[in-house]
Amino acid sequence: MNIIVLMKQVPEIEKVRFDPEKGRLDRSSAGATTNPFDLNALEAAVSMGPMKAEEMLRDAIARGADRAILLSDEMFAGADTLATAYTLSAAIKKIGSFDLVICGEKTVDGDTAQVGPEVAEFLNIPHVAFVEEILQVDSCSITVKARMERSSYIIRLSLPALITVTKDVNNPRLPTLRDKLRAMRTPITIWGYKDLAEVADPRYFGFEGSPTRVVKVYTPTAERRRGQMISGQPEEIAQKIVQVLLENKVL
Amino acid sequence: MAAALKTGLTADCVDLDLDDDGNLLQIRPAFSGNIMAQIKTRTKPQMATVRYRVMKPLNRDPCRRGEVIVREAEVPEGTGIEILDKVEIMGVNISEADIIVAAGRGLKSPEDFKLLQELASLLGGVLGSSRPLVDSGWIGKEHQVGFSGNVVKPKVYMAFGISGAPQHLFGMRDSDIIIAVNKDPSAPIIGVSDYYVVGDLYEVIPPLINEIKRVKGLVK
Amino acid sequence: MPSSTLNTVIEDLKGIVGERWVITQRELMESYLRDETPDPVRPKPAENLVLVKPSSTEEVSLILKIANDRRIPVFPVGGRTGLVGGSVPTEPGIILSLERMNRIEVDRDNLMAVAEAGATLGELIKAAEDAGLFFPPHPGDEGAQIGGLIATNAGGARAIKYGVMRNYVRGLEVVLPTSEVLWLGGKTLKNNVGYDLMQLIIGSEGTLCVITKAVIRLFPKSKYMVTLVIPFNKRSDALKSVPAILRSGVMPLAVEYVQINEVLEAARHLNESWPVQRGFAQLIIILDGMSQEEVLGACEEISKICEANNALDIFLAETSEEQSRILRIRSNIYTALKPNMVDILDVTVPPSRLEELMDEVDAIGSKYGVYLPAYGHAGDGNLHVHIMKDAGNEHVAKKIKDEIYEEAIRLGGTITGEHGLGKIRLENLQMVLSEKHLDLLRSIKRVFDPNNILNPRGL
Ligand SMILES: Cc1cc2nc3c(=O)[nH]c(=O)nc-3n(C[C@H](O)[C@H](O)[C@H](O)COP(=O)(O)OP(=O)(O)OC[C@H]3O[C@@H](n4cnc5c(N)ncnc54)[C@H](O)[C@@H]3O)c2cc1C
Ligand SMILES: Cc1cc2nc3c(=O)[nH]c(=O)nc-3n(C[C@H](O)[C@H](O)[C@H](O)COP(=O)(O)OP(=O)(O)OC[C@H]3O[C@@H](n4cnc5c(N)ncnc54)[C@H](O)[C@@H]3O)c2cc1C
Ligand SMILES: Cc1cc2nc3c(=O)[nH]c(=O)nc-3n(C[C@H](O)[C@H](O)[C@H](O)COP(=O)(O)OP(=O)(O)OC[C@H]3O[C@@H](n4cnc5c(N)ncnc54)[C@H](O)[C@@H]3O)c2cc1C
């Protein structure tokens, strides 16, 4: 069975600093890591990103991937989900034969959960998102349990197919030291825009091919807690708490 | 759908607006909820989805008239997707709850969890607990919040009779809003709360339950 | 002390710290009456108590003045994570919590932090990290306070490379039971003026003075850190590897020994899963350094040694998420076992004799027909043995404890490596200290605390 796993390198989210005044984020103190949801989904790895993402693909090899391809080119930069998905699907077409594509449910930075389903659409294959358990795989289908709000669905997909997986799907295995050292010496295939031009239309790559624009970002609430005292007769206190619940739209 | 239409998509918006040219301004959280991003789409149609419960339904306006268009839809066959079964998820999953009503050693007896359960149910929330009550077997371990329990991040965390030990705070400090009710004005939980009541939980909860019922129209 | 004496000072205490910070109702102070010592051996708190939360050193001094004048016992408490009842208020008196005194200032130029005693370990780790520096040891639960960590000279898993709490303390501000404030040491790295009172106070368990502030040494952040998990079939193979690793020149932050039953139990308790399911005996080794190359080089060295000792494999956690998961599970072995625990022992032997000690512990276990879960800071020869409720009754539990103590002492070790004496180990003191030694300790106590008001425990 040929499995392609899509992986994105993201900042270590707990170390990113958010500056509420300037609405900026500072990634400088944060190391780069594999998007944690992607670790749950691994056999042969493809990533689109800067050359630095090589480290992550080496980690993927140490964890059991047989082969790793990095899509890295200035032409790919600034892509939104549509352009990202288009580029990734072009790479998958170039690889040729596959039975299953696995993505993480979402990233910890862009956080959209859109790339997987869009890749499936470009490849014209069935997909299911938020898979929390793989129940059965045979030569022509895969049966999964996927989460939607308060229910789970048991779904059978005919292969080839794409799934996006949640962190419940498995516990990422730890690599052995031997595999880690071997992976450090394994070369990573790098494909640029020319390599994909044969299977795709370059107008849909990168910033130029992206229909959405991030106009600005800001930090929603200042971190400090309000520390507001609510006092009065029990009935007044109840009214004030209900007011807070209503303001925060939980009631 | 966006990919099929080759257009942009901004999903899970918490706010939508129009700019001067009539284009959609889409506001959505990113970086695991740490920042908000404002997104515009250059292509048409401009597509967005909104997060559950962030928009309020408008009041019904019986004067409005609109045309209902009926079209035959062709449902394609052989999508390669077959839904075999649907399973309701039972039990609590406290780490996904939007509202947590939690109790600590300020609770006098295990029966009193019923009072908190009533409050939690009215709010569609889940019960939480500090460690001592779990250790005493008053409530299941799956409800424990903290370093040796669950790490939760609800929209509202209500702490009744919980002092706010560091090991408890570890599990809930990232909640959006923290409301604490504690008899002791020196309790550390007060220092980390957004709203606090210095008072007896047994005097605060019953009128709170009534008030919520009133607002929900369940009682007069 | 008659309870009326205590009642007469409550108004004075409110005058010092403000009404809000004096708590007299018992139901509001429950968690100040106990620490993490397992229920069966934890001392019972006294009935008549008042809890006071000062906000400054001056307030602490005023409180101690009143207490000393009226001969009222004072119990300094920290995060109440101690495992030997050290902070439990066993006589009517004042519970003194410094939790409001929790400021931390980091001095980047001198690589030091000045922390008030009520700041928690978690807060110190974070303050150092935010300043781009590093507080390497992990000497206990992160809810422990600086005052408590210093008062118990806490050790922890990462003591191999940089030592225990004592090695980090450069200066102390303390309040004597007779209410004077003293500054000991400071930001200098060397200081040779007279007897070193600061070192005497580190580890004095709140019996000589109240610690209010400390200068703590920090280190540059290491650029790269990994955690290895190494499974072995046999305990002897795992433990044999430890001295060989330390001899090889590799300097790990931590070398921990665990057995599969306990880590699986802790993982289950947290609804997590332990990453390595094979091998009865496992070593957890944390390494840090300036580059990936340097650290992986050290890993290779360790790997050679462990493989020569029949390691089943060597697993490596590199992401901070995976490393903290391993540490969190390891840290929760204690909490997972706690509901069925009678006592947790803290015996320490020369590192090379750890295996012998563990075999003796097993032998004692079989003799009494009980399972004695054990794990330890293997690099330090420090073993935590748990006596569980299957021991049946208190009498048997005590016999098991005494026999383990005897074995540890026979192997050149001692009865406690890091938790201290608190209030439940005094009965075993004569096993390790001579009468003359005890006399000196008693005299020192009298010099600092002539009226025996500070954490009295009857040495
Ligand atoms: C603040 C902000 C807001 C944004 N909002 C939008 C928006 O509203 N609409 C929009 O179209 N774009 C948006 N983007 C751009 C989007 O984040 C990027 O296109 C990003 O490259 C991919 O999206 P994602 O990180 O959300 O991935 P997700 O869709 O969340 O990722 C799911 C999975 O897809 C795979 N995957 C994703 N990216 C890659 C990759 N580069 N290489 C390999 N596999 C990958 C991984 O398996 C991953 O787990 C936004 C970016 C930012 C910074
Ligand atoms: C390694 C370790 C792990 C731990 N893990 C966890 C964990 O995961 N989760 C956890 O919660 N704890 C954990 N703890 C325990 C933690 O240290 C505290 O002991 C615990 O959180 C205290 O619980 P509490 O606040 O309910 O009780 P208390 O600290 O006793 O507080 C009770 C509070 O109730 C108030 N009160 C009393 N009566 C009333 C009333 N009628 N109305 C209103 N208020 C009232 C009191 O003023 C007091 O503040 C852990 C400890 C350690 C050492
Ligand atoms: C899960 C867990 C893991 C642990 N791991 C370790 C470990 O790895 N290594 C280790 O050495 N210990 C460990 N311990 C026990 C260790 O003793 C405590 O973690 C810590 O050192 C005590 O700090 P505390 O603030 O909780 O003090 P408390 O328990 O509150 O008090 C301990 C003693 O210090 C005194 N004291 C507290 N504050 C002051 C002050 N300001 N001035 C004077 N005296 C004071 C008290 O009177 C008492 O005698 C662990 C405990 C737990 C529960």
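The values are calculated or read from the model by the stated rules, or taken from the named source; none is laboratory data. A quick note: this is a predicted structure, and the numbers were derived from the prediction, not measured. FYI the Cβ positions are ideal-geometry reconstructions off the backbone, even for glycines, and counts take in every protein chain you see. Remember, those area values only see protein heavy atoms, side chains included, never the ligands or the DNA or RNA. Shrake-Rupley method; radii C 1.70, N 1.55, O 1.52, S 1.80 Å.
Do we find that residue C:227 is more than 14 Å from ligand 3 (Cβ to nearest atom), of a type in the set (S, T, N, Q), open to solvent by less than 30 Å² (accessible area, probe 1.4 Å) and in contact (Cβ under 8 Å) with a residue 12 or more places away in the chain in this structure?
In short, yes.
Of these, B:111, B:118, which one is closer than 25 Å to residue B:212 by Cβ, more than 11 Å from chain A (Cβ to nearest Cβ) and touching a residue at least 40 places away in the same chain (Cβ under 8 Å)?
Result: B:118 is the single residue among B:111, B:118 that is closer than 25 Å to residue B:212 by Cβ, more than 11 Å from chain A (Cβ to nearest Cβ) and touching a residue at least 40 places away in the same chain (Cβ under 8 Å).
Working carefully through the options C:238, C:254, find the one that is crowded, with 21+ Cβ neighbours inside 10 Å and at pLDDT below 95.
Just a single option satisfies the conditions, and that option is C:254.
Mind checking which residues of the range C:147-168 are more than 16 Å from ligand 2 (Cβ to nearest atom), open to solvent by less than 10 Å² (accessible area, probe 1.4 Å) and more than 23 Å from residue C:289 (Cα to Cα)?
C:150, the sole residue that qualifies.
When you scan the range C:350-367, do you find a residue that is out of contact with any Asp or Glu (no Cβ under 9 Å at 6 or more places or on another chain), of a type in the set (Gly, Ala, Ser) and in contact (Cβ under 8 Å) with a residue 60 or more places away in the chain, even just one?
Yes, the range C:350-367 has at least one match.
Table: residues versus (1) under 21 Å from residue C:42 (Cβ atoms); (2) within 14 Å of chain B (Cβ to nearest Cβ).
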| site | (1), (2) |
| --- | --- |
| C:324 | no, yes |
| C:340 | yes, yes |
| C:343 | yes, no |
| C:364 | no, no |
| C:377 | no, no |
| C:399 | yes, no |
| C:405 | yes, no |
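Considering only the range A:169-205, state which residues are farther than 21 Å from residue A:53 by Cα and exposed (fewer than 14 other Cβ atoms within 10 Å of the Cβ).
Listed by number, the residues that qualify are A:197, A:198, A:201, A:203.
Determine which member of the set A:106, A:93 is in contact (Cβ under 8 Å) with a residue 40 or more places away in the chain, within 14 Å of chain B (Cβ to nearest Cβ) and either over 25 Å from residue C:275 (Cα atoms) or open to solvent by 40 Å² or more (accessible area, probe 1.4 Å) (or both).
It is A:106.
Assess whether residue B:39 counts as being within 31 Å of the chain's Cα centre (by Cα), within 12 Å of ligand 1 (Cβ to nearest atom) and open to solvent by less than 90 Å² (accessible area, probe 1.4 Å).
When the stated conditions are applied, residue B:39 passes them.
Could you list all residues from the range C:127-140 that are within 13 Å of ligand 2 (Cβ to nearest atom) and crowded, with 23+ Cβ neighbours inside 10 Å?
Scanning the range C:127-140 gives a single hit, C:140.
Just checking, how many residues over the range B:51-84 are surrounded by 10 or more Cβ atoms within 10 Å (Cβ to Cβ) and either at the interface with chain A (Cβ under 9 Å from one of its Cβ atoms) or more than 30 Å from residue B:17 (Cα to Cα) (or both)?
Matching residues across the range B:51-84 total 8.
Given the condition hydroxyl-bearing (Ser, Thr, Tyr), within 26 Å of residue A:184 (Cα to Cα) and within 13 Å of chain A (Cβ to nearest Cβ), answer yes or no: does some residue in the range C:235-250 qualify?
No, the range C:235-250 has no match at all.
Does residue C:118 satisfy the criteria of being without any contact (Cβ under 8 Å) to a residue 60 or more places away in the chain and either away from every other protein chain (no Cβ under 14 Å) or within 16 Å of ligand 1 (Cβ to nearest atom) (or both)?
Answer is no for this residue.
Look at residue C:417 and say whether it is among the small types (Gly, Ala, Ser), more than 25 Å from residue C:196 (Cβ to Cβ) and touching a residue at least 60 places away in the same chain (Cβ under 8 Å).
Taking the combined requirement at face value, the residue does not satisfy it.
Results for (1) within 7 Å of ligand 3 (Cβ to nearest atom); (2) not in a loop (DSSP other than H, G, I, E, B), shown as yes or no for each residue.
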{"position": "C:100", "(1), (2)": "no, no"}
{"position": "C:106", "(1), (2)": "no, yes"}
{"position": "C:115", "(1), (2)": "no, yes"}
{"position": "C:126", "(1), (2)": "no, yes"}
{"position": "C:149", "(1), (2)": "yes, yes"}
{"position": "C:154", "(1), (2)": "yes, no"}
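Is it fair to say residue C:33 is within 14 Å of chain B (Cβ to nearest Cβ) and aliphatic (A, V, I, L, M)?
The answer is yes for residue C:33.
Of the residues A:137, A:128, A:101, A:144, which single one is away from chain B (no Cβ under 11 Å) and crowded, with 21+ Cβ neighbours inside 10 Å?
A:101
Residue-by-condition table, conditions (1) more than 19 Å from the chain's Cα centre (by Cα); (2) within 14 Å of residue B:104 (Cβ to Cβ); (3) open to solvent by 10 Å² or more (accessible area, probe 1.4 Å):
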position	(1), (2), (3)
B:143	no, yes, yes
B:158	no, yes, no
B:161	yes, yes, yes
B:167	yes, yes, yes
B:182	yes, yes, yes
B:214	yes, no, yes
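If we scan the range C:260-278, do we find a residue that is within 14 Å of chain A (Cβ to nearest Cβ), in contact with a Gly (Cβ under 9 Å, 6 or more places away or on another chain) and within 30 Å of residue C:424 (Cα to Cα)?
yes
Condition (residue is modelled with pLDDT of 95 or more, away from ligand 1 (no atom under 16 Å from the Cβ) and charged (D, E, K, R)) applied to the range C:139-146: is it met by at least one residue?
No - not one qualifying residue is present in the range C:139-146.
Just to be sure I understand the filter: pairs with C-beta atoms under 7 Å, separated by 6 or more residues or on different chains, first member in the range B:181-194 and within 8 Å of another protein chain (Cβ to nearest Cβ), second member among the polar types (S, T, N, Q) and in a strand (DSSP E or B). Which pairs pass?
Every condition considered, the pairs that remain are B:190/B:182; B:194/A:228.
Identify the residue in the range A:64-75 that is open to solvent by less than 10 Å² (accessible area, probe 1.4 Å) and more than 8 Å from ligand 1 (Cβ to nearest atom) and, among all such residues, is modelled with the lowest pLDDT.
Step by step, filter the range A:64-75, then rank; the result is A:65.
How do the pairs read when you match residues in the range A:58-76 that are away from every other protein chain (no Cβ under 14 Å) with residues anywhere that are away from ligand 1 (no atom under 15 Å from the Cβ) and of a type in the set (Val, Ile, Thr), using Cβ under 6 Å and keeping only pairs 6 or more apart or on different chains?
Qualifying pairs under 6 Å: A:68/A:61.
Where residues in the range A:219-251 are within 7 Å of chain B (Cβ to nearest Cβ) and touching a Pro at 6+ places or on another chain (Cβ under 8 Å), which of them is most open to solvent (accessible area, probe 1.4 Å)?
Per the stated criteria, the residue is A:235.
Name the single residue, out of those in the range C:169-188 being of a type outside the set (Gly, Ala, Ser) and open to solvent by 30 Å² or more (accessible area, probe 1.4 Å), that is farthest from ligand 2 (Cβ to nearest atom).
Result: C:188.
For the range C:430-449, name all the residues that are under 16 Å from residue C:204 (Cβ atoms) and either open to solvent by 80 Å² or more (accessible area, probe 1.4 Å) or outside any helix (DSSP H, G or I) (or both).
Matches in the range C:430-449: C:433, C:437, C:440, C:446, C:447, C:449.
Show me the helices (runs of 4 or more DSSP H) found entirely inside the range C:240-338 where at least 1 residues are farther than 14 Å from residue C:228 by Cβ and charged (D, E, K, R).
Helices (runs of 4 or more DSSP H) meeting the threshold: C:260-269, C:292-308, C:320-331.
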